[in-house]
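**Student:** Mind having a look at this structure? Questions to follow.
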Amino acid sequence: MIIIGYSGHGFVVCGIIKAAGNVIAGYCDSEEKAYNPFALNYFGTEDTEAAFAAFKQYGVFISIGDNVIRQKVHNKLLQQNILAGNAVHPAAVIDATATVAANGVMIAAGALINPLAAIHTGAICNTGCIIEHECAVGNFAHIGPGAVLCGNVKVGTASFVGAGAVIKQGIIIGNNVTIGAGAVVVKNVPDNTTVVGVPAK
């Protein structure tokens, strides 16, 4: 597999891919990185014919933490009929009745995905997060490390739930929302909103 994006979040993805027993053929980024802790080959930027051919040969995962950028890269790959794979750590716990999209999903070590939850395309479930029963994590959303979605929470497209945040059961988080780290969300959050604090405002 080739990863797109090779910095902090990409390093986590490398760990997940390796833990799952897969080989990383190299990385794409805007420039070759001086710091290369996994000793990966550089394949150039992700938007060249050579890169597209490599993705088709080796497979690809978009290891970019920024939701908007990750979605843009995903859409560019789709135009070339290239679908990103998933990166799921073997130490994640995913209930048999949960559904996980087939493209671009990252599920990190210690994540718990409970019954009837749904994880959609391009979503990130980061280290140790808890996605409780019947929750839905939208396309290209990011659930931060240690965050907790209580039952029946809906997180919209490209929204970010910060590390250690807690979302009360039944809450609806809109699209392009940012929930601050450690926030406690007890009311629905409309699209394009940032909330922080306890309770979140």
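**Student:** Among Thr127, Thr121, which is closer than 26 Å to Gly162 by Cβ, open to solvent by less than 60 Å² (accessible area, probe 1.4 Å), among the hydroxyl-bearing types (Ser, Thr, Tyr) and modelled with pLDDT of 95 or more?
**Tutor:** Exactly one residue qualifies, and that residue is Thr121.
**Student:** Taking the stated definitions as given, is His142 touching a Phe, Trp or Tyr at 6+ places or on another chain (Cβ under 8 Å) and either modelled with pLDDT of 95 or more or farther than 22 Å from Asp29 by Cβ (or both)?
**Tutor:** yes
**Student:** Sticking with this one: Pull out all pairs, ordered by first then second residue, where Cβ-Cβ is under 6 Å, the residues are six or more apart or on different chains, the first lies in the stretch 94-123 and is over 30 Å from Lys76 (Cβ atoms), and the second is open to solvent by 40 Å² or more (accessible area, probe 1.4 Å) and part of a strand (DSSP E or B).
**Tutor:** Leu112/Val93; Leu112/Ile130
**Student:** Next up: Go through the stretch 158-175 and report how many residues are touching a residue at least 24 places away in the same chain (Cβ under 8 Å), within 18 Å of Gly122 (Cα to Cα) and assigned to a loop (DSSP other than H, G, I, E, B).
**Tutor:** 3
**Student:** Ok, one more. Just the residues that are in a loop (DSSP other than H, G, I, E, B) and crowded, with 23+ Cβ neighbours inside 10 Å, please, taken from the stretch 140-157.
**Tutor:** The first filter runs over the stretch 140-157 and keeps only residues in a loop (DSSP other than H, G, I, E, B), leaving 140-141, 144-147, 150-153, 156-157.
Passing the criteria: Phe140, Ala141, Ala147, Val153.
**Student:** Go over the candidates Val161, Val184, Val198 one by one and state the one that is over 19 Å from Ala91 (Cβ atoms) and open to solvent by 50 Å² or more (accessible area, probe 1.4 Å).
**Tutor:** One residue alone meets the criteria, Val198.
**Student:** So how many residues does the stretch 84-94 have that are open to solvent by 50 Å² or more (accessible area, probe 1.4 Å) and either over 30 Å from Glu46 (Cα atoms) or in contact with a His (Cβ under 9 Å, 6 or more places away or on another chain) (or both)?
**Tutor:** Total meeting the criteria: 2.
**Student:** Could you list all residues from the stretch 21-44 that are part of a loop (DSSP other than H, G, I, E, B) and surrounded by 13 or more Cβ atoms within 10 Å (Cβ to Cβ)? Talk me through it step by step, then tell me what you get.
**Tutor:** Going residue by residue through the stretch 21-44, those that are part of a loop (DSSP other than H, G, I, E, B) are 21-25, 29-40, 43-44.
Correct list: Asn22, Ile24, Ala25, Asp29, Lys33, Phe38, Leu40, Phe43, Gly44.
**Student:** Determine which member of the set Ala163, Ala158 is small (Gly, Ala, Ser) and under 18 Å from Gly8 (Cβ atoms). Outline the logic, then answer.
**Tutor:** On the way: Ala158 fails: under 18 Å from Gly8 (Cβ atoms).
From the options Ala163, Ala158, the qualifying one is Ala163.
The values are calculated or read from the model by the stated rules, or taken from the named source; none is laboratory data. Here the structure is a predicted model, which is why all the values come from computation and not from measurement. Note: ideal-geometry Cβ built from the backbone for every residue, glycine included; neighbour counts use all protein chains shown. Surface areas here come from the heavy atoms of the whole protein model, side chains and all, with no ligands, DNA or RNA. Shrake-Rupley method; radii C 1.70, N 1.55, O 1.52, S 1.80 Å.
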